[in-house]
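The values are calculated or read from the model by the stated rules, or taken from the named source; none is laboratory data. None of these values were measured; they are calculated from a predicted model. Neighbour counts are summed over all protein chains in view; Cβ atoms, including those assigned to glycine, are modelled from backbone coordinates with ideal geometry. The area values use the complete protein model at the heavy-atom level, side chains included, leaving out ligands, DNA and RNA. Shrake-Rupley method; radii C 1.70, N 1.55, O 1.52, S 1.80 Å.
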Amino acid sequence: MTVFEQSFDVLVVGGGNAGLCAAITAREAGARVLLLESAPYFYRGGNSRHTRNLRYMHDAADGIMTGPYREDEFWDDLLRVTKGKTDEPLARMMIRTSADLGSWMMARGVRFQPSLGGTLHLGRTNAFFLGGGKALVNAYYRKAEALGVAVVYEAEVTDLAIEDGRFVSAEVVHAGERHSVRASALVVAAGGFEANIPWLREHWGEAADNFIIRGTPYNQGHVLRLLLERGAMQVGDPRQCHAVAIDGRAPKFDGGICTRVDCVALGLVLNRHGLRFYDEGEDFWPKRYAIWGRLVAQQPGQVGYVLIDSKAVGKFMPTVFPALQAASIRELAGKLELDPDTVEATVTAYNSATRPGTFDWTVLDDCRTEGLDPPKSHWALPIDTPPYYGYLLRPGITFTYLGVGVDARARVLMADGTPSDNIAAAGEIMAGNVLGEGYIAGIGMTIGSVFGRLAGKEAATHGAH
């Protein structure tokens with residue numbers, strides 16, 4: 001008997017962090033679980049493969065984090081980066097429910113390491129995975145399979161039968177054959193549509209052709225589109241996404257977190273015309289890094305250029321590609337194929353606007369500019385100490401925020417606001433409920449872990465009946 005001929009209580013679509021949390025939770029509750037992953041074995045885990053850390057609430061240092069990070073501070077951070085575009089009851093529930101994530105994950109094989117440093121500022125708020133997201137994904141698969149979760153790779157869901165808001169069956173293509181899969185409950189954790197360039201082009205125009213997808217190429221949004229076409233409530237702005245400034249030499253797909261350039265807050269960022277366009281020192285890097293992809297996407301040619309001098313070296317995470325190096329600003333501009341006169345004038349104007357202060361990249365220091373538009377609010381040291389370094393930047397999209405609405409039990413909401421009886425959602429496919437815009441480091445894993453466990457619990461309860 002093939003796996004598609006067997007009977008299951010819960011069908012999980014998507015094999016990243018959220019889907020695995022759902023599958024493990026449902027199986028531990030006694031449900032028979034089938035997990036379908038569209039990627040091959042080597043690329044399993046979706047964007048979770050590229051993660052590095054997780055943010056969760058805690059009242060005191062806990063052996064993983066160095067100090068307390070309570071609900072109100074977590075909420076304030078989320079409110080600030082989303083500019084209020086979040087569902088407060090749902091977000092606060094998520095924050096409170098995150099409190100036991102560290103111990104829950106360790107009990108299922110995930111290991112942690114001391115926080116990374118430099119411009120990350122995350123030792124108190126975020127737990128770092130030993131071995132990164134790949135190790136986390138591997139630990140969860142080992143746990144799921146040991147529990148008896150059936151896993152099928154390279155399984156693409158091509159249709160969903162949904163009647164009166166209830167899941168009936170899924171059409172699946174695997175190894176060139178079509179199968180109809182029935183289960184008592186469905187969990188969708190299949191990510192957003194960031195790897196679907198034609199869909200991105202619908203909302204970004206031709207600029208989308210210049211985007212780099214730093215995450216998995218398997219998040220094509222097919223399941224998301226099926227749900228929306230079958231009557232699920234749509235949430236989120238299709239132009240909003242987790243998008244960071246990455247090295248312009250990164251591959252088109254799947255370059256991962258190592259392609260990020262983390263020296264923005266310590267330097268100047270210019271567009272193709274050699275002009276600045278945003279405050280590089282607006283806030284701590286973990287609260288701002290995920291806006292720079294969209295900022296670069298809005299510039300001519302969808303490119304940016306970050307310039308630093310030797311004072312910044314060693315203060316940020318090393319880059320996977322070496323920086324261009326020059327003895328003068330003019331020489332560096334030439335190597336970046338920018339107009340040397342304009343770049344030199346931009347740097348000179350910036351240097352003249354900097355005011356003396358006490359530089360400290362671990363706090364929002366008093367090194368700032370005066371009379372400059374846009375300003376640089378913190379860490380504004382003159383760019384005056386050779387050698388100088390530069391990177392070409394491009395927008396690197398990790399995941400999109402367009403998704404389906406959910407309630408506090410992770411049940412998918414239908415267009416009229418009623419919750420589905422047996423469909424739950426977790427992870428990036430519903431992240432838009434919490435993230436209307438902006439991002440804070442590690443919250444994607446919080447969303448996936450919290451709602452993954454809720455979805456698994458909800459689906460198992462349904463499967464038991």
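Values computed for the structure shown
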quantity	calculated
Some residue of segment 391-408 being within 19 Å of M57 (Cα to Cα), over 14 Å from the mean Cα position of the chain (by Cα) and outside any helix (DSSP H, G or I)	yes
Out of I329, I429, sole residue that is surrounded by 17 or more Cβ atoms within 10 Å (Cβ to Cβ), under 30 Å from R52 (Cα atoms) and in contact (Cβ under 8 Å) with a residue 24 or more places away in the chain	I429
Subset tally (residues that are within 30 Å of E206 (Cβ to Cβ) and either hydrophobic (A, V, I, L, M, F, W, C) or open to solvent by less than 30 Å² (accessible area, probe 1.4 Å) (or both)) for segment 280-298	9
Sole residue being touching a strand residue (DSSP E or B) at 6+ places or on another chain (Cβ under 8 Å) and modelled with pLDDT under 95, chosen from T346, T319	T319
Any hit, segment 47-68, residues being farther than 30 Å from E37 by Cβ and part of a helix (DSSP H, G or I)	no
Pick from segment 14-31, criterion within 19 Å of the chain's Cα centre (by Cα) and not small (G, A, S), ranking: nearest to D100 (Cα to Cα)	C21
Single residue of G357, G274, G334 found to be assigned to a loop (DSSP other than H, G, I, E, B), among the small types (G, A, S) and modelled with pLDDT of 95 or more	G274
Which listed residue, of R225, R178, R239, R182, is under 29 Å from A460 (Cβ atoms) and not in a strand (DSSP E or B)	R225
Filtered residue count, segment 201-215, keeping only those that are within 19 Å of A250 (Cβ to Cβ) and either without any contact (Cβ under 8 Å) to a residue 24 or more places away in the chain or outside any helix (DSSP H, G or I) (or both)	7
Selection count where residues are in contact (Cβ under 8 Å) with a residue 40 or more places away in the chain and either surrounded by 13 or more Cβ atoms within 10 Å (Cβ to Cβ) or within 21 Å of the chain's Cα centre (by Cα) (or both), scope segment 62-73	6
